Amino acid sequence: MSELSILGQRRPKVNSWAHLTGEARYADDLFLPRMLYGRLLRSTRAHARIRRIDVSRAAAHPGVVAVVTGADMPAKMGIMPSTQDETALAVDKVRYVGEPVAAVAALDEDTAYDALSLIEVVYEDLDPIFTIEEALEREDVKIHEEARRANVFKEVHLSFGDLDAGYAAADHVRDDWFFFEGNTHAPMESHSAVAQYGADDKLTLWTSTQVPHYLHRELEKVLGLPRSRIRVIATPNGGAFGGKSDPFGHEFAAALLALRTRRPVKITLDREEVFYAHRGRHPVKMRIRTGTKRDGEITAVHYQSWLDGGAYASYGIATTYYTGALLTVTYRIPAYKFDGVRVYTNKPPCGPKRGHGTTQPRYGFECQLDKIAEDLGLDPLEYRKRILQPANSRTVNDLRITSMGLGECLDALGRATRFSDRRGQLGRGKGIGIAGSAYISGAGLPIYWNEMPHSGAEIRIDRGGGVTVMCGTAEIGQGSDNVLASVAAETLGIMPSDVHVVSGDTSLAPVDLGSYSSRVTFMAGNAVKDAATKLRSRLLAVAAERLEVPADRLLSAYRRIYDRADPEKFLPFADAAVLAESKDGPLVAAGSYTPPKGIGGTFKGAGVGPTPAYSYQAAVAEVSVDLETGTVTVDKITTAHDCGRALNPANVEGQVEGAAYMGYGEIIGEEQVFRGGLHKKPSLLDYKIPTSLDTPALEVIVVESVDAEGPFGAKEAGEGPLNPVIPAIANAVYDAIRVRFDETPITAEKVLDALGKRDNRGIAKSRIGPEGLGDGKADPKRALRRLGASTDARERKRTS
């Protein structure tokens, strides 16, 4: 019988009622006395030099209080310290349609909007670059002058094991190309920020951010204001999914306008502007070459990726590494080579979206594994089980694996869906597909490398038994406040309703690096547990003295500290708190968490990929394909997810269902596409995300591997479950109509094209997808030759 009293139970979130009743105050809900309203002027050019900006007419417009331009904030900024190439407002040059150029603060939003049309910007147009191929080849056009080669932002070349020997030993080799179309987060809440510069010369910024700590740092740099005079408060986010984990121009503009006017300033982006802010999924072209033995055992993998990064860096250096780093943590790969290139294009910057950097390669690899299984006459489910990376092992690229529940996930799916019995037996137009995946429970290294904790927490107990937890995490709808309250309640022996959580406030809470990379449960959970454990020791000591029972015989639960041998012998929690404070002073404790060292390699680039624990997941998708209209209907998605321990099963299931829904949207219809640099679908009327009526039946199977290092055994549950859904659907469509879709999304038009029913040509196809870089529109071998030459040069340098 479990001794846990709170965790493992289906309980409502501690902040549920505030959200359900409308009491939760999002950034755009804030209204301060004398508040001004800001709007951003955005570029109408994809690539141009700014020859002149004249704001005089706008500044003189009735109701306008202040106007700022990029010249007022010229410092480079960005989330990654080594690749900061962006300014809050464009300086000298614009690099995509929609880039912020100037900001206006006025008495009301309509006046601010009208004033934008009075700002005169003189541009000198430059040739734009819109494709990966152009970016690789155009030396004559530089989006960023700092780029060493053409418009390449980052190149990565890593090799582990003997690749040539691996291919030589292979009985079967597959060489496949894939393309994953870019898409965006589409959160319900648009970005919003409110800045106030007080009479005490201190700046407060309320903003819908995932990273209050990192934003705090960047504000100091851009505004020239000491961090000690800046306070960032992360307001509740109405969805984020990675799209609010960069510092954004509207946050700096609101802050500077507040400094200039000494009045509060609010800037809320409209929906079209959210599409320009973007930071969504990178479009990625991939080539995967995999060698296997006749029984399917992998002998070698060479993975190559080309990422379209848009106009700026964002998290791009990490994204580039992530496209290759985690392919090794699911299945045994004895020899592995990874070549990755991220390029600049004149489109909104790409960044992290749920499953950051790992979603695209997982799609390609899991589709290829299905092809290999078919080539070798193997059951796709049993094949994956046969080649699993073992628990408590090291991958070929030196990533530490601890708990590993992918095998249990596959077994559970096999039982729940009868996959092996039904595959290939459902009749034409009906199909079933499977895929597996893994994800990190937070990154092993911080964005700014240092020896400080990744997460800190402080807990206070008052004289009435109330508990306050303070942590720098951002509540973005994922339930992080609930995790912190529940971990504290479990450790101390109280109820979650007794806990008040103060999160995302840089002046009140210890630093947490932010709500990204599925790190909060593992890292902030461990920090809170550390602080609560220290307080628990003080409470047990005074309870042992009062009850005349050895401290190691005491348990705490349901607001009591009691004798394990005689549960009716107890001390109320509030009484214990009074005794402990009377004896040793206020009940306050700090806790922290830093990932262990040695969980990854020591080579250059080894900082991306390691994590304290990987979550594992697998999905089975069931689809129907209308052979006349080409419409793909996903009937059901069943996901099994290894989350270590489900601290709250209802919350875990909600996260897994949300991830499945998002993955479903990405493969069925979502695409961030442009024409001449202009976004074709910058609204939720045109950008097709599934509604609740479109969403298939979702079933979640929770697998608990109970990780030894996670808080009470927990691992992540928010991002990983998205990854297997996309290839599972693609594999199911193949089972239905025998056509491989090696590119996303799978639209009705593509299905009709594959079936030979489009344009009345009657020519059916067995595959839809890229043939290489360029796809016949340019010389596809030229960019490959350049990459090959660069790779060879690096290999010679490495071995010399």
Magnitude of the Cβ-charge dipole (Lys and Arg +1, Asp and Glu -1) of the chain about the Cα centre, nearest 20 debye, reported as 1100
Note on the range 172-252: contact order normalised by length, alpha-carbon pairs under 8 Å, 6 or more apart, percent, works out to 36
In whole angstrom, the spacing between the Cα centers of the range 598-631 and the range 257-288 equals 27
Probe 1.4 Å, heavy atoms of protein chains only: per residue, the accessible area of the chain in Å² is 37
Note on the chain: alpha-carbon gyration tensor, axes a ≥ b ≥ c; rule is a/c under 1.5 for rounded, else prolate if a/b larger than b/c, else oblate; result oblate
Subtracting the Cα-Cα distance of residue 452 and residue 113 from 0.36 nm times their residue separation yields 117.6 nm
Expected vector for the range 299-312, Karplus 3J(HN,Hα) from phi with 6.51, -1.76, 1.60 and θ = phi - 60°, integer Hz, x for Gly and Pro, equals 10, 6, 9, 10, 10, 10, 9, 10, 9, 8, x, x, 7, 9
Taking the dipole of the chain about the Cα centre (Lys, Arg +1; Asp, Glu -1; charges at Cβ), the one of 396, 252, 663 that reaches farthest to the positive side is 396
In whole Hz, the Karplus estimates of ³J(HN,Hα) for the range 121-131 (6.51, -1.76, 1.60; θ = phi - 60°; x where Gly or Pro) are 10, 9, 9, 10, 5, 10, 4, x, 10, 10, 10
Rh (Kirkwood, all Cα-Cα pairs) for the range 1-45, Å, reads 15.6
Relative contact order as a percentage, the range 611-755, C-alpha pairs under 8 Å and 6+ apart, gives 40
Expressed to one decimal in nm², the mean projection of the alpha carbon convex hull of the range 341-477 is 15.8
With all protein chains present, the chain has a carbon and sulfur share of its accessible area (1.4 Å probe) in percent of 50
Using a 1.4 Å probe on heavy atoms of the protein chains only, the accessible area for residue 114 in Å², nearest 10, reads 80
Using alpha carbon centers only, the range 703-742 is separated from the range 71-131 by a whole-angstrom value of 39
About its Cα centre, the range 292-439 carries a charge dipole, from +1 on Lys and Arg Cβ atoms and -1 on Asp and Glu Cβ atoms, whose size in debye to the nearest 20 is 260
Ignoring ligands and nucleic acids, residue 664 exposes an accessible area, probe 1.4 Å, in Å² to the nearest 10, of 20
Rounded to the nearest 5, the percent of DSSP beta bridges in the chain running antiparallel is 75
Given Cβ charges of +1 for Lys and Arg and -1 for Asp and Glu, the option among 647, 55, 24 whose Cα lies farthest towards the positive end of the dipole of the chain is 55
When the charge dipole of the chain is computed with +1 on Lys and Arg Cβ and -1 on Asp and Glu Cβ about the Cα centre, the Cα farthest towards its positive end, among 523, 416, 598, belongs to 598
Put 371, 430 in order of accessible area, largest first, probe 1.4 Å, and you get 430, 371
Taking every alpha carbon pair in the range 89-180 and sorting the distances into 5 angstrom bins from 0 up to the bin holding the longest one, the percent per bin comes out as 2, 9, 12, 13, 12, 10, 10, 10, 7, 5, 3, 3, 3, 2, 0
Quick tally, 1.4 Å probe accessible area for 177, 449, sorted with the most first, runs 449, 177
With +1 on the Cβ of every Lys and Arg and -1 on the Cβ of every Asp and Glu, the dipole magnitude of the range 313-396 about its Cα centre, in debye rounded to the nearest 20, is 380
Scan of the chain for GluC sites (Glu not before Pro) in DSSP loops with at most 11 other beta-carbon atoms within 10 Å gives a longest site-free stretch of 147-450
The simple spin-label model distance between residue 261 and residue 748, using points 7 Å out along Cα→Cβ, in nm, is 4.8
Using alpha carbon centers only, the range 1-68 is separated from the range 393-469 by a whole-angstrom value of 31
XL table 93/347; 93/142; 244/680; 285/757; Cα-Cα > 18 Å flagged, in table order, is 244/680; 285/757
With a 24 Å threshold on alpha-carbon distance, the violating pairs from 293/604; 154/597; 337/371 are 293/604; 154/597
Scoring only Lys, Arg, Asp and Glu (+1, +1, -1, -1) among other residues with Cβ under 15 Å from the Cβ of residue 616 yields -1
Once normalised by the length of the chain, the mean sequence separation of its alpha carbon contacts under 8 Å that are 6 or more apart gives a contact order in percent of 15
Correct semi-axes for the range 331-414, from √(5λ) of the alpha-carbon gyration tensor and rounded to whole Å with the largest first, are 28, 17, 14
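The values are calculated or read from the model by the stated rules, or taken from the named source; none is laboratory data. Just so you know, these numbers come straight off a predicted model, no measurement behind them. Virtual Cβ from ideal backbone geometry, glycine too; neighbours counted across all protein chains shown. Side chains included, ligands, DNA and RNA excluded: accessible areas come from the protein's heavy atoms. Shrake-Rupley method; radii C 1.70, N 1.55, O 1.52, S 1.80 Å.
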